[in-house]
Amino acid sequence: MFVLLRFFFLLLLLSACAPITVHTGRSAALNLAGPPPDVVILSVSGRCGPPCSAPRDNWDYLSSRGTLDAVADAVAAAGLTVQVAGYASNAAVQFDSLQVQAPQRGFGALLADFERLKNGWLKGPTPPRVVLLGHSQGVAWLHYLTRVYPEVTFALQIDLDGICTAWRADHAAGIRGLPVPPDGLPSAISACDSLSVPGVPLLARGSLISKDVVWPNVAVNLEVQSKRLPARTNGSGLLINYLFDLSRNARLDGSAAGIQTYVSAREDHSAVSYPGSDALNWVLARIRPMAQDWKAQQPAIPASLVPAAAPATSPPGLPETTPAAP
């Protein structure tokens, strides 16, 4: 066991020292200055692994890994237009991560973008559906977002093994710089506080952490949890999982309405966030028919937005004619 632990920490050290290559996503980037797409997908990645310095070194790995692209592709396969934006687990608008040596956008940037989205496209004649994708600490940020925007409907929220580890230690200082929420709503520091929820098992003392509460304005929630027992994956991943989400999501009334949960039997906390994983394949298999339903439910384009037809004219070289009198 001691040898295994030494190997585990050596692996963490070597992986943290190796340079990380950042890949640019293929999906259309969020462009709030242009016409709205059918669907907007916003993602927040989680906490970097030791010995990095979180939250300074956190970064947007869901975009770089292709996870955000995979979700966008599943939606686009139904014939819907999609735009995406990825953010890192940090309260700042923008910061420099030494992990990737590239500027990163944090929750402050997400708030600014979402305000523009809410006051622009979502008030237009053809508002896009909003989809949220989070991993680890990113789940906590996004559940908080849905809580402080109760007037906005979120079509889908995807939670990949939500974790609150080191939440206050990481983010208390940065959150003080965020705008004060309106109408007495709580600060983002509460994103990992407990809430009383009826029907929760006694082991949880009748409460759930806020990142496990699905708010009423979220139509559908797909929740993934990583393995509990030692098991090898068919690819990358640790034999012994060091972090995992134990609490199933629930609504405020204790129900599981609109919530589906999948526990991956062989993938660790990190592995569930990669394209090709059992966990993400489960998510994509549920997104595809959902996106087809969204496509079928799309309203016809308002007449005011359809270009007027050009007046009919005689073919070139022929004289104009007038109809004969009745």
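Note on Ala33 and Val152: the model spin-label points, each 7 Å out from Cα along the C-beta direction, lie 2.1 nm apart. For segment 30-74, the share of alpha carbon pairs falling in successive 5 Å distance bins from zero is 5, 18, 21, 18, 17, 10, 7, 3, 1 percent. Remark: segment 154-166, residue by residue, has Karplus-estimated 3J(HN,Hα) of 9, 5, 7, 10, 10, 10, 9, 6, x, 9, 10, 3, 6 Hz, where x stands for each Gly or Pro and the curve is 6.51 cos²θ - 1.76 cosθ + 1.60 at θ = phi - 60°. Computed on the Cα atoms alone, the convex hull of segment 46-297 gives a volume of 130 cubic angstrom per residue.
A simple spin-label model places the labels of Ala173 and Val93 2.0 nm from each other, with each point 7 Å out along Cα-to-Cβ.
Label positions at Gln101 and Asn119, each projected 7 Å from the Cα along the C-beta direction, are separated by 3.9 nm. Looking at segment 105-213, the trypsin sites (Lys or Arg not before Pro) that sit in a DSSP loop and have at most 12 other Cβ atoms within 10 Å of their own Cβ are Arg176, Arg205.
Using the alpha carbons alone, the radius of gyration of segment 61-100 stands to its Kirkwood radius in an Rg to Rh ratio of 1.10. If I model segment 127-191 as equal point scatterers sitting on the Cα atoms and use the Debye formula, what is log10 I(q)/I(0) at q = 0.16, 0.19, 0.26 Å⁻¹? Values returned for q = 0.16, 0.19, 0.26 Å⁻¹ are -0.58, -0.79, -1.19. For segment 290-298, 3J(HN,Hα) computed residue by residue from phi via the Karplus equation (6.51, -1.76, 1.60; θ = phi - 60°) reads 4, 5, 5, 5, 4, 4, 5, 8, 4 Hz, glycine and proline entered as x. Expressed in Å, the radius of gyration and Dmax of the Cα atoms of segment 46-177 are 15.0, 49.
The DSSP beta bridges internal to segment 46-297 are antiparallel in roughly 30% of cases.
Karplus-derived 3J(HN,Hα) values for segment 26-41, using 6.51 cos²θ - 1.76 cosθ + 1.60 with θ = phi - 60°, are 8, 6, 4, 6, 4, 10, 6, 8, x, x, x, x, 6, 9, 10, 10 Hz; glycine and proline are entered as x.
Since every read-out is calculated from the coordinates, none of them should be taken as a lab result. All values derive from a computational prediction rather than experimental measurement. FYI the Cβ positions are ideal-geometry reconstructions off the backbone, even for glycines, and counts take in every protein chain you see.
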